[in-house]
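Heads up: the structure comes next, in structure tokens.
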Amino acid sequence: MILVVGATGLLGSEICRRLRARDRDVRALVRAGSPREAELRAIGAEIAIGDLRDYASLVAACRDVDAVISTATAMGSKDRSLTLNEIDRKGQLRLVDVARLSGVHSFVYLSLSPNLRPRAPLVRYKRLVERAVRTSGMRWTILQPSAYMEVWLGPQLGWNHTVGRAIVFGSGKHPMPLISVADVAEHAVRALDDPRLANVDLPLGGPQMLTAHEVVSIFALESGRRYSTHHVPRIVPALLAPVFELFHEGIASGMSMGAQVARGDPIDSPLQRELDLPLTTVREYAARILRRGTST
């Protein structure tokens, strides 16, 4: 049995789908009342009602589980009670502890690009949990992806593909290896069984190093329309992040990470190249999104 924590999120739900497509037994940790519970049941996932803040529910969820994949985060949550401190720090550390005590064999943890510095609360918490995973005694894999196309080029950060609007942090001249959620999900699934992925950090990048301006050009070409580009000077989120940290760690983390990634995110991952899994290009992603005719 494989427990997926964060199963209702964009990445977690994709991992569940890929595991079930391989006929693997999946248990999805779902908070009570989640509207996505029915979708997970429909693909054959067993549902465990629980919460990273509830120790007893984690004990129940980890019963008879061989492996845990955790993608859970409070980033982007509209529920103000789901703070980064409660979910990404305390909750994830609690999960690692419960998994260890429950005899779980393998733990796959979704973290962040190794290039991000711990200026943002989320980065600090991720690095803290990484250390706990490495010293847990379980077989572990820590995935460290660059920015997701679905987030970095989506409405959360101001992109609107319906009207042709792009938001660029900084000068837009520094390249980064944007990666698709689907490709990260595939690496997470492979981490369960591939001996090369036992007890390693795995930085993940997309197939191309592209600047923001190059990405905008790709979307303009695929859509056949001109994209209006709005720049956010890197210094603005960099200066505002410490202020926002006083009352909202999520917003502060987004600003800090955005300011850092605006300087580029060079990821050199020999192990990822050795795995040689197919990767989605920005052009392929753009074509798919534009065919849907949505801004997501």
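In the stretch 169-197, the residue that is surrounded by the fewest Cβ atoms within 10 Å (Cβ to Cβ) out of those that are more than 20 Å from the chain's Cα centre (by Cα) and not charged (D, E, K, R) is PRO195. Within the stretch 261-278, the set of residues being part of a helix (DSSP H, G or I) and among the charged types (D, E, K, R) comprises ARG273, GLU274. When restricted to residues that are in contact (Cβ under 8 Å) with a residue 24 or more places away in the chain, buried (at least 16 other Cβ atoms within 10 Å of the Cβ) and farther than 19 Å from ASN160 by Cβ, the stretch 229-239 contains 2. Restricting the stretch 136-157 to residues that are small (Gly, Ala, Ser) and under 10 Å from the mean Cα position of the chain (by Cα), the residue that is surrounded by the most Cβ atoms within 10 Å (Cβ to Cβ) is SER146.
For (1) within 25 Å of THR162 (Cβ to Cβ); (2) modelled with pLDDT under 95; (3) in a helix (DSSP H, G or I); (4) touching a Cys at 6+ places or on another chain (Cβ under 9 Å), each residue gets a yes or a no:
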| site | (1), (2), (3), (4) |
| --- | --- |
| GLU214 | yes, no, yes, no |
| ALA241 | no, yes, yes, no |
| GLY250 | no, yes, yes, no |
| MET255 | no, yes, yes, no |
| ALA259 | no, yes, yes, no |
| THR280 | yes, no, no, no |
| ALA286 | yes, no, yes, no |
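Identification of helices (runs of 4 or more DSSP H) wholly contained in the stretch 52-135 with 2 or more residues that are of a type outside the set (Gly, Ala, Ser), crowded, with 18+ Cβ neighbours inside 10 Å and in contact (Cβ under 8 Å) with a residue 12 or more places away in the chain yields 92-101, 121-134.
Examine the stretch 284-291 for a residue that is farther than 16 Å from GLY154 by Cα, hydroxyl-bearing (Ser, Thr, Tyr) and out of contact with any Phe, Trp or Tyr (no Cβ under 7 Å at 6 or more places or on another chain), and state whether such a residue exists. No - not one qualifying residue is present in the stretch 284-291. Of the set (1) farther than 20 Å from LEU143 by Cα; (2) over 18 Å from the mean Cα position of the chain (by Cα); (3) among the hydrophobic types (A, V, I, L, M, F, W, C), all apply to ALA99 but (1).
For the structure I just gave you, tell me whether ARG119 is more than 17 Å from GLY12 (Cα to Cα), under 21 Å from the mean Cα position of the chain (by Cα) and at pLDDT below 95. Answer is yes for this residue. Which of the residues that make up the stretch 246-268 are surrounded by fewer than 19 Cβ atoms within 10 Å (Cβ to Cβ) and either in contact with a His (Cβ under 9 Å, 6 or more places away or on another chain) or touching a residue at least 12 places away in the same chain (Cβ under 8 Å) (or both)? Selection gives ARG263, GLY264, PRO266, ASP268. Screening ARG226 with (1) touching a helix residue (DSSP H, G or I) at 6+ places or on another chain (Cβ under 7 Å); (2) surrounded by fewer than 17 Cβ atoms within 10 Å (Cβ to Cβ); (3) modelled with pLDDT under 90 gives one miss only, at (3). Pairs linking a residue in the stretch 172-188 that is of a type in the set (Ser, Thr, Tyr) to a residue that is surrounded by fewer than 22 Cβ atoms within 10 Å (Cβ to Cβ), with Cβ atoms under 8 Å and 6 or more positions apart or on different chains, are SER180/TYR148; SER180/GLU150; SER180/LEU279; SER180/THR280.
The values are calculated or read from the model by the stated rules, or taken from the named source; none is laboratory data. For clarity, every value in this text was computed on a predicted model and none was experimentally measured. Ideal geometry is used to build each Cβ from the backbone, glycine not excepted, and the neighbour counts take in all protein chains shown.
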